[in-house]
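**Q** Sharing a structure, written as structure tokens. Questions coming.
The values are calculated or read from the model by the stated rules, or taken from the named source; none is laboratory data. Treat the numbers as computed from the prediction; the structure is a model and nothing was measured. When we count neighbours, we look across all protein chains shown, and the Cβ atoms used for this are built from the backbone with ideal geometry, even at glycine. The protein model used for the area step is the full one, side chains on, heavy atoms only, and it has no ligands, DNA or RNA in it. Shrake-Rupley method; radii C 1.70, N 1.55, O 1.52, S 1.80 Å.
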Amino acid sequence: MAGNWQEILLQTVHEEHCEVFFNEPLARHTSFRIGGPADALVIVRSRSGLSGVWTIAQKYGVNITVIGRGTNVLISEQGLRGIVVKLQGEFCRIELRDNQIYAGAGVLLDEIADFAESHGFSGAEFLAGIPGTIGGGLMSNAGAYGRSLGDIVQQVEVMDNQGIIKLLNRGVLRNQYRESLLPAGSWALSVILKLQQGRAKSCQEIRSERRQKHPSEPSAGSFFKNPATVPAGKLIEQCGLKGIELGGAAVSHQHGNFIVNRGGARFVDVYELVQIIKATVEEMTGIELDEEVRILPPAGSAGDRR
Ligand SMILES: Cc1cc2nc3c(=O)[nH]c(=O)nc-3n(C[C@H](O)[C@H](O)[C@H](O)COP(=O)(O)OP(=O)(O)OC[C@H]3O[C@@H](n4cnc5c(N)ncnc54)[C@H](O)[C@@H]3O)c2cc1C
């Protein structure tokens, strides 16, 4: 039983200059515009605030989840039990440190691309136009144009599953296609990125290329990871699945790997459409598609009713 964790949370939030919203619809915090309520959504602005909220969750046995901009998640209509944390304030700082870029976990990937470009660095332009935060990006080794965060991350500051804050150097991070760079259960607090001086393709150019390729309706970007042999979008198209609809969800006509919310899509519409796509692609090609988007709550955890 959670006891009166909400009251204690309110007190901590007040002392730590955080903000809390009880019963907050997560659809407001996801690019899919789908997701039921979080018992408590807390905007955390400092490491001490984060430790305070984390300690309450541990003490009262309350689930705790961190999200960024919600651009790589599909959240069920039941929402998320316990506390959902968003990192702002000092976690949105970006600056040069010893000729490297320091960015808090709440900084947007697109902002990092701009910052790097404006300071004469090349190597981060592939992040232009990706709508999420670097904290969320580390969970999927976000990337584009054949590059990913794992290529440029030098160090990550994490809070581990014991609440201990530590620095992880590049050598201990996994750098695999769309796999988390972080140890399981860790949260990213900040990163150091190493780039070269020089000019590459401009961020503006990349953004406009992306605008032409990607649908503008609400989505979570590419839904599936690309199999080694052929892009997932192409496979989906070859299987005749482009444009299929279920409730308010549809496979985009523009890009086979984008599932879009045409208006009023529910979690179950997207979830079932995903099952249809996976089953059809496997039956027709023998290839098993794997989700890139994170489905929350995770299968089998408290609150999972998929
Ligand atoms: C239109 C569109 C285009 C996109 N294009 C691309 C693309 O080109 N390449 C690409 O790789 N992705 C792309 N994405 C997906 C997405 O933008 C990236 O994966 C992004 O990095 C996710 O960041 P976020 O802040 O939105 O994370 P969220 O969606 O909020 O969270 C994603 C996961 O990370 C976890 N998480 C969030 N913050 C932290 C943290 N600080 N520490 C630990 N875990 C955390 C969450 O619990 C969740 O499991 C696209 C999405 C959209 C909507």
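**Q** For the subset of the stretch 41-56 comprising residues that are out of contact with any strand residue (DSSP E or B) (no Cβ under 6 Å at 6 or more places or on another chain) and not in a helix (DSSP H, G or I), which member is most open to solvent (accessible area, probe 1.4 Å)?
**A** 45
A quick yes/no check of all residues on (1) of a type in the set (Asp, Glu); (2) over 20 Å from residue 178 (Cα atoms); (3) assigned by TED's automatic domain parsing to the domain that holds residue 124:
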residue: 222; (1), (2), (3): no, no, no
residue: 226; (1), (2), (3): no, no, no
residue: 264; (1), (2), (3): no, yes, no
residue: 269; (1), (2), (3): yes, yes, no
residue: 288; (1), (2), (3): yes, no, no
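**Q** Which members of the stretch 79-97 meet the condition of being farther than 15 Å from residue 22 by Cβ and open to solvent by less than 10 Å² (accessible area, probe 1.4 Å)?
**A** Across the stretch 79-97, the qualifying residue is only 91.
**Q** Can you confirm whether the stretch 103-114 contains a residue that is in contact with a helix residue (DSSP H, G or I) (Cβ under 7 Å, 6 or more places away or on another chain), assigned to a strand (DSSP E or B) and open to solvent by less than 10 Å² (accessible area, probe 1.4 Å)?
**A** yes
**Q** Looking at the stretch 281-289, is at least one residue within 20 Å of the chain's Cα centre (by Cα) and open to solvent by 30 Å² or more (accessible area, probe 1.4 Å)?
**A** No.
**Q** Can you give me the number of residues within the stretch 115-138 that are buried (at least 24 other Cβ atoms within 10 Å of the Cβ) and within 11 Å of the ligand (Cβ to nearest atom)?
**A** Number satisfying all stated conditions: 10.
**Q** Mind listing just one residue for me: the one in the stretch 245-287 that is among the hydrophobic types (A, V, I, L, M, F, W, C) and in contact with a Gly (Cβ under 8 Å, 6 or more places away or on another chain) and, of those, nearest to residue 209 (Cα to Cα)?
**A** This residue is 258.
**Q** Between residues in the stretch 157-182 that are open to solvent by 80 Å² or more (accessible area, probe 1.4 Å) and residues that are away from the ligand (no atom under 12 Å from the Cβ), which pairs lie under 8 Å by C-beta distance while being six or more apart or on different chains?
**A** 167/155; 169/154; 169/155; 170/153; 170/154; 170/155
**Q** Here are some residues: 38, 2. Which one is modelled with pLDDT under 95 and either open to solvent by less than 40 Å² (accessible area, probe 1.4 Å) or within 10 Å of the ligand (Cβ to nearest atom) (or both)?
**A** 2
**Q** May I pose another question? Within the stretch 242-276, which residues are farther than 18 Å from residue 71 by Cβ, open to solvent by 10 Å² or more (accessible area, probe 1.4 Å), out of contact with any Asp or Glu (no Cβ under 7 Å at 6 or more places or on another chain) and not in a helix (DSSP H, G or I)?
**A** Selection gives 242, 243, 244, 245, 253, 263, 264.
**Q** Say we look at the stretch 194-234 and pick out the residues that are among the hydrophobic types (A, V, I, L, M, F, W, C) and more than 14 Å from the ligand (Cβ to nearest atom); which of these is most open to solvent (accessible area, probe 1.4 Å)?
**A** Going through the qualifying residues, I end up with 228.
**Q** Please find, among 112, 101, 94, 83, the residue that is free of Cβ contacts under 8 Å to residues at least 24 places away in the same chain and either over 15 Å from the mean Cα position of the chain (by Cα) or closer than 27 Å to residue 146 by Cβ (or both).
**A** Step by step, each of 112, 101, 94, 83 is checked, and only 94 is free of Cβ contacts under 8 Å to residues at least 24 places away in the same chain and either over 15 Å from the mean Cα position of the chain (by Cα) or closer than 27 Å to residue 146 by Cβ (or both).
**Q** So which residues in the stretch 115-139 are in a strand (DSSP E or B) and not hydroxyl-bearing (Ser, Thr, Tyr)?
**A** Once the filter is applied, which keeps residues that are in a strand (DSSP E or B) and not hydroxyl-bearing (Ser, Thr, Tyr), the stretch 115-139 yields only 121.
**Q** Find all pairs meeting these conditions: Cβ atoms under 6 angstrom apart; at least six residues apart or on different chains; first residue within the stretch 57-70 and over 8 Å from residue 5 (Cβ atoms) and open to solvent by 40 Å² or more (accessible area, probe 1.4 Å); second residue at pLDDT 95 or above and among the aromatic types (Phe, Trp, Tyr).
**A** So the pair list comes out as 66/187.
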